[in-house]
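Only one structure is covered here, and it is reproduced in the block below.
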Amino acid sequence: MAITFFMDGKEIKTEEGKTLIEVARENGINIPSVCVHEATKANALCRICVVEVEGQRVLQPACIVKAANNMKVQTRSGKVLRARRTILEMLASTIDLSDAPEIQNMMAEYGASFNRFPDAKRRESEIQDDNPMYIRDYSKCLLCWRCVQVCADDAQYTFAINFSGRGFETQVGTFFDRAIPETSCVLCGQCVAVCPTGALKPKREFLLEQGLSPQDIGVLNSGRKKRK
Ligand code: SF4
């Protein structure tokens, strides 16, 4: 069924059932998001996409709220911009965003400070290097869930990783904290491809960043093959 609603004062006609972020993007209106990816189902985790909907008490996540007839939506009101800026500042206060250019760009666009919460506890963890294909550095993980979704029923149906822990201790991990080779992981690399922060990184890229040359890496790999 066709519906008409208003986004930033612009009258938009669309089909019932589409989310606000889908309609916005179809109409050239940029609503930012971190957890939404074309390969994964939207699930309103990061909340960067919040918008103001007339008549609603709290800001609404545009990735899951559907456009409705006569709805009036503001995507860049003062309240929206402040919320996005604060979410980005909270992320920057706890997570290493040095490998997340997309989010750094958002920080600049929204005037977010990396030092807004200088006393915040940082989410730090050891780099996990337990398989030949990729490393996991969860001090860079903002829990967008993209990797978990592509590993599960959005793509691969492997179910090797999931969330573990609760609250501040929540982290992506394997069942019983097993090393990757001891899980159902088939090293397809889809989790690495959708990670927006460098928390999951190809092993080769990681080793090059550590100063190894392509030749050094070739020697490492041939040693690994011989040991098998
Ligand atoms: S590892 Fe990457 S893709 Fe997975 S939840 Fe963390 S930031 Fe998202």
In the set Val36, Val65, which member is surrounded by 16 or more Cβ atoms within 10 Å (Cβ to Cβ), in contact with a Leu (Cβ under 7 Å, 6 or more places away or on another chain) and not small (Gly, Ala, Ser)? Val65
Can you name the number of the only condition in (1) closer than 19 Å to Gln171 by Cα; (2) touching a residue at least 24 places away in the same chain (Cβ under 8 Å) that Ala44 fails? (2)
Output the residue which, of all residues in segment 192-213 that are part of a loop (DSSP other than H, G, I, E, B) and surrounded by fewer than 16 Cβ atoms within 10 Å (Cβ to Cβ), is nearest to the ligand (Cβ to nearest atom). Gln210
What number of residues within segment 1-59 are among the β-branched types (Val, Ile, Thr) and within 20 Å of the chain's Cα centre (by Cα)? 9
In segment 18-41, what residues are touching a Lys or Arg at 6+ places or on another chain (Cβ under 6 Å) and at pLDDT below 95? His37, Thr40
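The values are calculated or read from the model by the stated rules, or taken from the named source; none is laboratory data. Since the model is a prediction, treat every value here as computed from it, not as a measurement. Every residue, glycine among them, receives a Cβ derived from its backbone with ideal geometry; neighbour counts consider all protein chains shown.
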